[in-house]
1. Could you tell me whether any residue of the stretch 209-221 is of a type in the set (Val, Ile, Thr), touching a Ser or Thr at 6+ places or on another chain (Cβ under 8 Å), closer than 18 Å to Val310 by Cβ and assigned to a loop (DSSP other than H, G, I, E, B)?
2. Residues that are at pLDDT 70 or above and either touching a Cys at 6+ places or on another chain (Cβ under 8 Å) or among the charged types (D, E, K, R) (or both): does the stretch 255-262 have at least one?
3. Could you tell me which of the residues Ala187, Ala215 is open to solvent by less than 60 Å² (accessible area, probe 1.4 Å) and of a type outside the set (D, E, K, R)?
4. Identify, from the list Gly232, Gly171, Gly189, the residue that is out of contact with any helix residue (DSSP H, G or I) (no Cβ under 6 Å at 6 or more places or on another chain), without any contact (Cβ under 8 Å) to a residue 24 or more places away in the chain and under 23 Å from Leu301 (Cβ atoms).
5. Cβ-Cβ under 8 Å, sequence separation 6+ or interchain: first residue in the stretch 1-20 and open to solvent by less than 40 Å² (accessible area, probe 1.4 Å), partner at pLDDT below 50 and of a type in the set (D, E, K, R). Which pairs?
6. Assess whether Glu142 counts as being within 29 Å of Ser166 (Cα to Cα), modelled with pLDDT under 85 and touching a strand residue (DSSP E or B) at 6+ places or on another chain (Cβ under 8 Å).
7. Got a sec? Which of Asp318, Asp220, Asp237 is closer than 30 Å to Asp196 by Cα and at pLDDT 85 or above?
8. Quick one: count up the residues across the stretch 165-183 that are open to solvent by 50 Å² or more (accessible area, probe 1.4 Å) and either more than 20 Å from Val325 (Cα to Cα) or among the β-branched types (Val, Ile, Thr) (or both).
Amino acid sequence: MRIFGKGRNRPSASWRQATDRAFTLIGDGRYEDAGALLTRAADLEPWLSESWFNLALLHKFRHDWEQARAAGLRAVALLDRDTGAPDWWNVGIAATALQDWPLARRAWQAYGLKVPGPATDSGEPLGMELGSAAVRLSPEGEAEVVWGRRLDPARIEVLSIPLPSSGRRWGEVVLHDGVPHGERSTAAGHTYPVFDEIELWAPSPVPTWVVLLEAATEADRDALEQLASDAGFAAEDWSSSVRLLCRMCSESRMPSDEGEGEHLDPHDHSEPGHPGPLGHRTDGQLWVPERECGVAAPASLVRGLLDGWVADSPDSRDWRDLEEVC
């Protein structure tokens, strides 16, 4: 990423050299060294909004939200346009991380988004009706893309049950970046952006369990997911919902429902005997009764939920090996 000044106020060669070197260091994870160079660039050209935008960006990468807010506000004070500047989006992310709701509301409005409620409202900017999206948890580690509900432009409530390797739970709220990396499309033709998680914003008290099911049919599996949903929690058939994708595939536009049924998804890098739709196929048989299922429910409820599911159809359902994993 390279950000230079406007033609009417071109920065010096020293500013450009320091900024270019700083972003190279950021790419290498050397944030301290990059910070020294970007601070020098801001000292050289303090009138340039990009000087402060770049510093705000660095502080965002470091999760130093106080400094990100301060640098971001200096950047927007030097803007020469009213709406749509990415500087305001970074201010909105920092304000959301700090729960500075008046500033977050101001930032989204300055960017050009419609925020319900009066401008003087000091509460969270809820009710923006941004719909569903996907979020990539732990983007620099064992990344996992899950579905969620956008609460505002910088937060997503996780509605899938993440795998335990992500360290995340169903119902948690994560702070996410503003630029999508990839898309997921559905059979109905809808396309949803995939945002990268920045950090956990609000934890969930609901633990994640893994259990082995014996479900004779898909309808039996669906019955457990519905039962959990009716109780205010969740169950998810990881045998069907998990696909192992390379990074390039994950960050591209991917159909969300491929890898099941007759179609073999060429982007699904799972193998027979391993998690993922292809790993649970057998020759001539599209449904395997043994399912690995994630359940998000309190310890006081989870066994009763599973027992109730079995009691509704004992000849076609069973469960075993329940374990809390996150």
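1. Checked the stretch 209-221: at least one residue is of a type in the set (Val, Ile, Thr), touching a Ser or Thr at 6+ places or on another chain (Cβ under 8 Å), closer than 18 Å to Val310 by Cβ and assigned to a loop (DSSP other than H, G, I, E, B).
2. no
3. Ala215
4. When all the criteria are applied, what remains is Gly232.
5. Close Cβ pairs satisfying both conditions: Thr19/Arg2.
6. no
7. Matching residue, one of Asp318, Asp220, Asp237: Asp237.
8. Residues flagged as open to solvent by 50 Å² or more (accessible area, probe 1.4 Å) and either more than 20 Å from Val325 (Cα to Cα) or among the β-branched types (Val, Ile, Thr) (or both) within the stretch 165-183 amount to 4.
The values are calculated or read from the model by the stated rules, or taken from the named source; none is laboratory data. Keep in mind the model is a prediction, meaning the values are calculated, not measured. Don't worry about glycine lacking a Cβ; one is built from the backbone with ideal geometry, like all the others, and counts go over all protein chains shown. Accessible surface is based on the protein model in full, side chains and every heavy atom, while ligands, DNA and RNA are left aside. Shrake-Rupley method; radii C 1.70, N 1.55, O 1.52, S 1.80 Å.
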